[in-house]
Amino acid sequence: MTGALLRARDISRRFGGITALAELSLDVGEGEAVGVVGPNGAGKTTLFNCLLGLTPPDTGTVEFDGRRIDRMPVWRRSRLGIGRTYQRMELFRGMTVADHLLVAEQAHAGTVRLWGDLLHHARPSREELDHVESALRLLGLDELADRPVDVLSLGHARLVELGRAMMGRPRLLMLDEPSSGLDAAETARLASIITDVRRSEGTAVVLVEHDLTLVGDVVDRLCVLDFGRMLAVGSVGEVMADERVRQAYLGSGA
Amino acid sequence: MSQLFNYAVPGIPFGCVFALMGVGLVLTYKAAGVFNLAFGAQAFVSGLAFVFLVQDGWPRWAAGIIAILGLGPLVGLVLDRLLFRRIRTASPLVKLVPSLGLLIALPQVALIIAGSTPQIPPPALFLDAQTVYFHLGSVPLSGLELSITVATVLVVAALVVLFRLTPVGLEMRAVVESPRLTELFGINAGRVSAFAWVLSSCIAALAGVLLAPLYSQLNPEDYTVLLVWGIAAAVIGRFASLPLALVGGLGLGVAQQILAGYLPAGIIATGLRPSLPFVVLLVFLPFSRQRQLDDPLADCDPPIAALAGEARGYRAAATLTGDRGDETVAVGLWHRTLHPDGGTSIGRRLLQRPTAVLGWVVGGLAVLSALTWVSPDWLLTMTQGIAFGIIFLSLTLLTGMSGQISLCQASFAGLGGFAAGQFANHLDLSLLAGMVLGGAMAAVLGVVVALPTLRLAGLPLALATLAFALLADNILFPNGWVGNGATGVLVPRPEIGPISFNASRSFFLLALVVLALVAGLVKLIGDGTMGRFLAAMRGSEVAAVSVGIDVHRLRVVVFAVSAGLAGVGGALYGSLQGSLAPNDFNYQISLVLLVVVAIVGLGSISGAVVAGVVYTALLKSLSTLPARYAGLLAVLFGLATLSYTRHPEGVVDYLGNRLVGLVGRLTGRWRDDLPPRTDAPAHPPTGVERVPMAADGVDR
């Protein structure tokens with residue numbers, strides 16, 4: 001896979017005596033959707049944190065679009081075009097839905113505009129507001145734009161996280177169990193939004209998920225992690241037929 | 001070598017007391033979820049009770065039992081029930097402010113209840129404090145030192161037995177390790193943590209009683225200093241390990257004596273000893289944070305429950321119907337809508353912001369009064385209020401908007417004032433130029449504070465800034481070229497060309513202009529892009545970096561701006577008073593400043609201004625009362641602290657929300673007192689923290 005957008009090599013991370021990731025490698029092609037599944041504790045969230053720099057890996061390299069990014073600060077990786085959601089949601093408490101998207105939009109555009117603020121009461125530009133509004137429409141959140149996120153339902157809050165990660169047109173979206181806590185209808189809606197974004201923007205997606213229906217709907221390729229190791233890679237059908245995967249993930253009786 | 005030994009041995013009793021404090025702090029922090037800064041006050045209360053009981057003729061053992069095993073845990077339990085239990089899951093600021101308020105208020109309340117100070121020198125718990133019983137090598141050991149050491153050894157032995165050999169000790173160790181996992185095994189963590197609370201209160205009381213004879217007179221300030229050493233010990237224990245905290249406390253006690261013995265006399269030496277805990281804080285705090293990040297179980301905690309007070313803020317919000325649909329007004333801290341120009345007519349906009357109207361009317365009347373009939377000393381008070389309002393605004397920016405807790409804001413103000421005075425005196429500048437330069441110097445200090453603390457947040461950041469405040473008090477301000485020690489620095493009144501601001505009314509106007517400039521600056525930042533970034537950083541630093549915000553840079557900038565504004569406020573205050581001494585802005589003032597502005601309102605500019613005026617007006621009115629009531633301010637302070645746990649949004653925002661609701665009801669435009677919920681809230685309400693893991697399992 002030569003033209004990989006994201007290329008992670010030999011990522012290892014230990015927490016005390018626990019090996020969360022053991023020399024794991026992962027490639028994500030331009031516009032490709034890769035699912036990552038595995039039992040709880042397999043190292044999926046740690047993988048995300050290592051790729052994005054929130055947890056520095058002990059060993060290994062990460063390239064994005066041909067550039068080494070493993071020594072970059074997190075915010076710079078994000079500005080290169082990596083959006084991310086969190087399994088344990090990390091919303092900006094007290095801010096409105098629209099402001100969440102606006103912050104992300106403006107953060108992608110550049111640094112603190114202190115002098116601009118002081119000189120002319122910086123209002124968001126028309127263009128920025130347009131981006132926010134179209135994202136709100138795509139997510140179906142336009143009705144809730146001015147609500148503080150603290151009063152949203154879990155389903156809507158997950159959509160806000162997704163929307164925030166989508167701002168600034170990232171080339172790669174990393175979604176950490178976006179359907180956790182959602183019901184079937186909300187999950188289906190989430191799947192259709194992710195598919196829409198991929199189709200219109202050509203965004204690559206890494207999806208950590210337990211919900212295999214969502215995974216099946218969205219991804220092109222599936223990786224199975226177990227104890228920090230890559231157990232199997234392939235199409236959804238292939239991987240699910242793999243005996244080792246059935247043993248580790250679905251339990252031997254499955 | 002023997003000299004080292006001679007210096008080290010007298011440090012052991014000190015170390016024992018520090019260690020006890022450290023152990024108690026860690027115990028409540030881990031088992032009850034609160035870093036209890038009121039610990040120093042609890043120690044003081046028991047120490048005071050002990051001395052009074054002995055003075056009244058009680059035998060020392062009986063007085064000791066009452067003070068240590070009776071009063072100590074009683075105070076602790078009352079505080080737990082009234083206060084700390086409610087804020088277990090609150091944000092670091094909401095946890096910190098009440099304990100700071102109590103640290104200041106509790107000793108004063110105790111002194112008021114006592115009605116006088118003890119007439120006898122504080123006795124040791126046992127043995128005679130002054131008698132030398134024997135020599136260790138050539139070091140004489142007095143009853144005081146022996147009693148402290150023996151009592152500590154006994155208590156530590158008892159703790160070891162408790163923790164190693166008894167069921168409740170085992171449960172407590174489990175709770176300290178992980179409250180959630182413990183509950184999974186069917187142990188009531190609440191009961192265990194209540195026990196831990198009682199135990200730590202006894203330890204505080206013991207430390208207070210043991211320490212008393214070190215001083216000829218009991219003084220709350222000495223106990224605050226003791227608390228600070230205890231904090232350092234707890235930090236060495238990384239907020240988690242009781243044995244490490246114990247060893248850390250002992251080590252600090254010995255180290256400070258050795259330092260005092262070897263260092264030559266001078267500002268650095270006399271300053272370095274009291275600042276040793278802060279050096280320790282700065283060195284060890286980053287590790288405590290690092291450990292949290294590396295802890296694989298750190299993610300296993302369920303999402304933080306919605307902060308009761310913040311949710312309350314939203315509940316108090318009113319939704320008024322406008323032409324462009326619903327307009328949510330007055331929601332929480334620094335909340336904005338995407339369409340700030342929602343209202344159509346001026347009348348509607350005024351209606352939507354009744355608090356603003358009221359604020360302008362009251363403010364206008366106050367200014368008018370100040371310029372016409374107010375007496376000179378009340379005019380002085382009002383001008384002081386404005387100066388403090390500016391300093392409070394710097395906290396509105398730093399803590400209110402960006403969520404960084406600073407306990408060294410008074411140091412910034414002090415440096416600004418000193419620098420302004422020094423520049424004006426030595427360079428023969430107008431004080432206005434000095435004020436700008438003073439603000440710039442304070443901003444530089446802000447950067448100096450921000451850089452080493454970039455990786456800290458919440459409580460560790462607060463403690464680190466406290467460290468800086470004490471460093472400034474002990475090492476920076478005593479220098480002749482800064483604060484000039486106890487003498488202080490003359491800060492002249494400014495002149496602009498022929499216009500002099502020596503008259504109190506013209507100076508009042510000048511202060512008002514500076515306030516307006518600072519308030520405008522804070523508002524522009526809050527409403528602009530930077531305000532939005534700051535709000536994001538306050539909401540979740542992790543999410544802020546992962547949308548591409550350079551959080552470190554943002555923090556340096558906001559610290560610098562905030563420190564600069566505080567420096568301008570300090571310079572204005574100094575110029576008003578004519579001179580400024582280090583004690584005008586010592587670390588205790590920093591604590592008071594944060595508590596006052598948090599109680600009145602960190603969420604708005606009006607909150608800061610009201611805080612400034614109310615604070616100085618209260619000080620002024622209470623100073624006219626008889627000396628017996630001097631502590632009344634502290635009582636008010638304590639009560640306000642209690643109210644704060646119910647309304648962390650602050651008095652101003654709380655009343656404002658009520659007013660919005662009232663106006664809405666009266667005009668029939670009130671729709672609902674809740675922004676309509678879409679479904680169940682995303683953040684579970686407080687109390688859900690007992691659920692060990694999210695229902696869908698937690699993953700790494």
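The values are calculated or read from the model by the stated rules, or taken from the named source; none is laboratory data. Small disclaimer: the values here were computed from a predicted structure and weren't measured. Reconstructed Cβ throughout: ideal geometry from the backbone, glycine too, with neighbour counts over all protein chains shown. Remember, those area values only see protein heavy atoms, side chains included, never the ligands or the DNA or RNA. Shrake-Rupley method; radii C 1.70, N 1.55, O 1.52, S 1.80 Å.
Remarks
- Our Cα-only numbers for segment B:26-218 put the radius of gyration and Dmax at 18.1, 56 Å.
- Spatially, segment A:168-208 and segment B:595-631 are offset by 52 Å when compared through their Cα centroids.
- For A:D226, residues with placed amide H under 5 Å, excluding near neighbours: A:L231
- Rolling a 1.4 Å probe across the protein heavy atoms gives segment B:376-649 an accessible surface of 31 Å² per residue.
- Applying the criteria of a DSSP loop state and at most 16 other Cβ atoms within 10 Å to the trypsin sites (Lys or Arg not before Pro) of segment A:57-107 yields A:R71.
- Formal net charge of residues neighbouring B:L125 (Cβ-Cβ distance under 14 Å; K, R +1; D, E -1): -1
- Relative contact order (percent, whole number), chain A, Cα cutoff 8 Å, 6+ residue spacing: 27
- Accessible area expressed per residue, segment B:26-218, with surrounding protein chains retained (probe 1.4 Å, Å²): 41
- Other residues lying with their Cβ under 15 Å from the Cβ of B:A503 contribute a combined charge of 0, Lys and Arg counting +1, Asp and Glu -1.
- Counting every alpha-carbon pair across segment B:606-645, the share separated by more than 12 Å comes to 64%.
- Note on B:S546: accessible area is roughly 10 Å² with a 1.4 Å probe, heavy atoms of protein only.
- Pairwise FRET efficiency - B:L82 versus A:A185, Cβ, R0 = 51 Å, nearest 0.05: 0.65
- Summing Lys and Arg as +1 and Asp and Glu as -1 over all other residues whose Cβ lies under 15 Å from the Cβ of B:Y587 gives a net charge of -4.
- Ligands, DNA and RNA left out, the 1.4 Å accessible surface of chain A is 49% carbon and sulfur atoms.
- Integer Hz, Karplus 6.51/-1.76/1.60 couplings in order for segment B:227-233, x for Gly and Pro: 4, 5, 5, x, 4, 4, 4
- A probe of 1.4 angstrom, applied to the heavy atoms of all protein chains, finds B:V109 with accessible area near 40 square angstrom.
- Residues B:S506 and B:S138, FRET efficiency given R0 of 45 Å [Cβ-Cβ distance, rounded to 0.05]: 0.10
- The lysines within cross-link reach of B:K30, meaning a Cα-to-Cα straight distance under 19 Å and a gap of 8 or more places when in the same chain, are B:K95.
- Taken across both chains, chains A and B shield about 5700 Å² of accessible surface from a 1.4 Å probe.
- Inter-probe distance in nm under a simple model that places probes 7 Å from Cα toward Cβ, at A:E133 and B:W61: 8.3
- Using the Karplus relation 6.51 cos²θ - 1.76 cosθ + 1.60 with θ = phi - 60°, the per-residue 3J(HN,Hα) values for segment B:457-473 come to 8, x, 4, x, 5, 4, 5, 5, 5, 4, 4, 5, 4, 6, 4, 4, 4 Hz, with x marking Gly and Pro.
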